[in-house]
Amino acid sequence: MSKQVAKITIFLLGAIISNVVYGKTDDELCDMCLNDDLERDQHILCMFPYPEPAEQPGCRNVDMSITDDAFRAKILDWHNNYRNKFAEGSWPGQEGKNFPKAANMMLFHYDYQLERLARRHVQNCYSDHEKCRLVERFQYGQNLGYQSCSNPQCVPNDTSTTWNNWVDEMKDYDPRDVEKLGTYPSSSQVFHFVAATWANTRLLGCAQGRAEVGGNINFQISVACNYGPMGVWMGEPMYLQGKPCSMCPNGTACSFDINYPNLCGGDKIALVLKTDFPFMDPTAGKEPLTNMGHDEEIEFHIPTKSVCGTVCLCVILKILLTICLILALDLRI
């Protein structure tokens, strides 16, 4: 290989690596909506383009400090504990419903990009589902909820009641519908339950916050959870029926995490390579791999403004590394 060809190869590899690590910008994610015949402003990042909490009529004094590592660990554990018990038929709400056991229920990992999208919901007091839920990896599903009160003292400290309400919808769900979603439709809301229970979903990112809302001052605590890849596909099975973990996807197996023996896990390394974003490994003592303990929005994408912070610094370092490799090549050849 000639010196010139080697230089070009090194430069191109550096460019490819930078693109893989940092993914798409916010604007590029919004542009993805156009491919699905939707509008750019139907993506949450273009509906609310600023990372700071809102301060406007109907959404004041937003407090996002309760989206912290303790919350992340708690909601990840709650989902995995629920899925683990549901898979074997021991979740309390399953009593008398005759749900079949789940043979391919996946273990959840925590995903900070999905959390970032959820934060835009909560900190802007937005209570509807946006029409375009896309990131570069997949479409994502979503559960939303809130509790409100006329004074701050009666607002709960966290949103765990809402999580339980989501899966309590199983009481209105016909277990025969597990095999093919939509075959036995319910007259009640059941899709929060379906989203949290969809077997092939494996990533979770959530946010919760407090705010003063409404024309009269009401105090609210709200939560948004995003699930990836999205489930709730009509005509598809919610999960495969059989002995727990007996039909795990290739590369996964039971008891990857001993706390959740009925869930399929084992693709930890593959997750890192595919997502390119930090996630919380439930087998690592419930600690985020990034040691991110702050409560502000976590930025992953290349900023479009002139001040670009840590991400731009990393890009500069990658360029310098590429230059060093080229110089080293000059010395050797």
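The values are calculated or read from the model by the stated rules, or taken from the named source; none is laboratory data. On a predicted model such as this, the values are computed, not experimentally measured, just so you know. We place every Cβ from the backbone using ideal geometry, glycine too, and count neighbours over all the protein chains shown.
Summary table
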{"item": "Options Asp172, Asp158, Asp168; residue that is among the acidic types (Asp, Glu) and more than 23 Å from the chain's Cα centre (by Cα)", "result": "Asp172"}
{"item": "Count - residues of the range 88-105 that are in contact (Cβ under 8 Å) with a residue 60 or more places away in the chain and either surrounded by fewer than 24 Cβ atoms within 10 Å (Cβ to Cβ) or polar (S, T, N, Q) (or both)", "result": "11"}
{"item": "Residues that are under 29 Å from Pro92 (Cβ atoms) and either without any contact (Cβ under 8 Å) to a residue 24 or more places away in the chain or in a strand (DSSP E or B) (or both), drawn from the range 129-153", "result": "His129, Gly141, Gln142, Asn143, Leu144, Gly145, Tyr146, Gln147, Ser148, Cys149"}
{"item": "Candidate set from the range 223-258 (those that are under 21 Å from Ile75 (Cα atoms) and over 21 Å from the mean Cα position of the chain (by Cα)); member that is surrounded by the fewest Cβ atoms within 10 Å (Cβ to Cβ)", "result": "Ile258"}
{"item": "Residue, surrounded by the fewest Cβ atoms within 10 Å (Cβ to Cβ), within the range 37-87, restricted to residues that are within 21 Å of the chain's Cα centre (by Cα) and acidic (Asp, Glu)", "result": "Glu52"}
{"item": "Breaking point among (1) under 25 Å from Asn124 (Cβ atoms); (2) in contact with a Leu (Cβ under 6 Å, 6 or more places away or on another chain), for Met234", "result": "(1)"}
{"item": "Qualifying residues in the range 58-85 (those that are in a loop (DSSP other than H, G, I, E, B) and among the small types (Gly, Ala, Ser)) - the one modelled with the lowest pLDDT", "result": "Gly58"}
{"item": "Qualifying residue in the range 186-197 (condition: in contact (Cβ under 8 Å) with a residue 12 or more places away in the chain, among the hydroxyl-bearing types (Ser, Thr, Tyr), within 22 Å of Glu115 (Cα to Cα) and in contact with a strand residue (DSSP E or B) (Cβ under 6 Å, 6 or more places away or on another chain))", "result": "no"}
{"item": "Test: residue in the range 190-203 that is over 18 Å from Pro237 (Cα atoms) and modelled with pLDDT of 95 or more", "result": "yes"}
